[in-house]
Amino acid sequence: MSLQAALAIAAKDVKIFFNDRRALLFTLAAPIVIATFFGFLSSGGGSGEKVKIPVLVVDEDGSSVSKSIFDGLLKDEALGCGASTETGAREAVRKGKATVGIIIPKGFGDASAKALFGGEKRPELILLYDPSHWGEMGMVRGLLTQHVMEAVSREAFNGAAGRKAIKDSLASVATSTTLKPEDKSALTKMLKSVANWQERLEATQGNESQEARGLGIPFDAKEEAVTSGSGVAYNGYAHSFAGMAIQFILFAAIDLGAGVLLERQRGLWKRLRSAPVSRFTLLVGKALSGAAISLFCLAGTFGFAMIFLKVRIHGSAIGFAAICLCSAVMAASFGLMIAALGRTQAATRGISALAVLMLAMLGGGWVPSFIFPAWMQRVTLIIPTRWAIDGLDGVTWRGLGLGYALQCAAVVLLFAVLFGLVALWRFRWEEE
């Protein structure tokens with residue numbers, strides 16, 4: 001192989017790339033604009049304000065229990081709660097203006113207090129939800145359980161409905177023919193103790209030191225975001241720029257492959273074949289130019305993110321450089337494989353664009369791979385973009401070290417070698 005010839009071929013391609021100002025602008029501007037948009041969304045709209053789940057409550061009961069439930073939901077920081085009618089709630093959920101609608105049916109307060117003590121049939125709360133937000137639905141269900149338990153137990157131990165429920169339960173236990181004598185005795189003692197507690201609260205109702213409370217969650221959750229270090233906030237732009245940078249160097253690789261096909265169609269390869277340039281030298285020259293252009297794109301994209309959006313390398317800087325270098329080589333090899341397998345420039349561009357979009361999507365370039373189903377997370381480990389994006393995530397906001405970075409870089413480089421071997425195997429000097 002003639003290194004001088006390979007470098008000359010690479011220099012020619014790089015010069016052509018920089019002379020095409022429109023292509024240069026697109027290659028740099030497109031990933032920056034799209035990555036900024038996705039990063040803006042994942043960072044809470046740039047304000048740092050937590051997004052609240054929109055919830056509408058339909059109180060058909062009007063009891064102290066239902067009012068207490070609504071007040072609890074209204075004060076919850078995770079929810080954006082409001083009152084509505086059943087028709088209004090259904091329409092809002094259908095149109096996507098609310099994620100969940102909660103209907104508290106008539107008689108819920110009395111029935112829930114009786115069910116708490118007497119084993120009566122439990123009343124139902126109706127939850128209307130947007131099926132495209134099933135994750136938020138689970139969160140709302142958990143928060144609703146907390147507030148219902150607090151409201152119902154408060155009423156059961158302190159309210160009029162609770163006193164009536166205890167009285168009815170004592171009567172039911174006394175006349176029961178299915179309970180064992182020892183069970184009946186134990187239940188009667190428990191219910192009488194609750195009745196005595198209710199009488200004591202009623203007698204001291206005017207005493208401000210007495211606070212009517214129900215059963216609550218027996219713990220407080222302390223949230224701690226785990227990133228690269230203490231006090232280092234998660235930067236949503238770090239992931240979005242990693243995904244878009246990898247996607248667009250693969251798009252640049254399509255231009256490389258299409259350019260090779262165009263040169264072959266114009267007969268350039270026939271003339272090069274008569275010169276002392278081997279097939280391997282030619283492919284190396286093209287790979288060098290493709291890798292150089294890809295590195296330039298990565299540097300420009302991440303440079304913008306670091307200067308204007310505060311993306312930082314909290315892990316290994318050497319590892320970051322290694323992943324970028326191997327990703328650039330992988331993209332160049334991918335472009336050569338496109339040229340070797342493609343037949344016409346037009347057809348190859350369309351198929352290759354679809355392939356790049358699939359690689360970016362499955363690699364976690366659009367949305368993080370951790371939200372994929374478990375089986376898909378395992379399958380995508382055979383995709384080079386997954387390793388490249390995860391590696392860049394690891395050395396930026398996750399703050400992982402050189403070992404992790406080199407592992408990701410090695411897998412990406414392995415794909416680069418595989419693509420290069422396919423390109424060498426299927427390369428043709430002339431049109432068939």
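Every number in this text was worked out from the coordinates using simple rules, so none of it is lab data. Predicted, not measured: the structure shown is a model, and the values here were computed from it. Don't worry about glycine lacking a Cβ; one is built from the backbone with ideal geometry, like all the others, and counts go over all protein chains shown.
Structure notes:
- For the range 363-432 versus the range 277-317, the inter-centroid distance based on Cα atoms is 15 Å.
- Counting neighbouring beta carbons within 10 Å and listing from fewest to most, the residues H133, H239 come out as H133, H239.
- Taking the chain and dividing mean pair separation by its residue count, relative contact order in percent (alpha carbons under 8 Å, at least six apart): 19
- Residue of N19, N235, N196 that the Gaussian network model of the chain assigns the largest fluctuation, springs spanning Cα pairs under 10 Å: N196
- Volume per residue that the Cα convex hull of the range 53-203 spans, once the total is divided by residue count, Å³: 119
- Charge dipole (debye, nearest 20) of the range 53-203; +1 at Cβ of Lys and Arg, -1 at Cβ of Asp and Glu: 380
- Calculated mean residue ellipticity, 222 nm, the chain: -22500 deg cm²/dmol, from DSSP H runs (n ≥ 4) at -39500 (n - 2.57) each, averaged per residue and rounded to 500.
- Just so you know, the averaged projected area of the alpha carbon convex hull for the range 304-404 sits at 7.8 nm².
- Spatially proximal lysines relative to K189 (Cα-Cα < 25 Å; intrachain offsets below 8 disregarded): K114, K121, K164, K167, K180
- Options L424, F320, F108, ranked by Cα towards positive dipole end of the chain, top entry (Cβ charges): L424
- DSSP assigns beta bridges within the range 53-203; of those with both partners inside it, close to 30 percent run antiparallel.
- Taking the Cα centre of the chain as reference, the dipole from Cβ charges on Lys and Arg (+1) and Asp and Glu (-1) amounts to some 1700 debye.
- Rg ratio (alpha-carbon, reference 2.2 N^0.38 Å) - the chain: 1.49
- Kirkwood hydrodynamic radius of the range 368-432, Cα pairs, Å: 13.7
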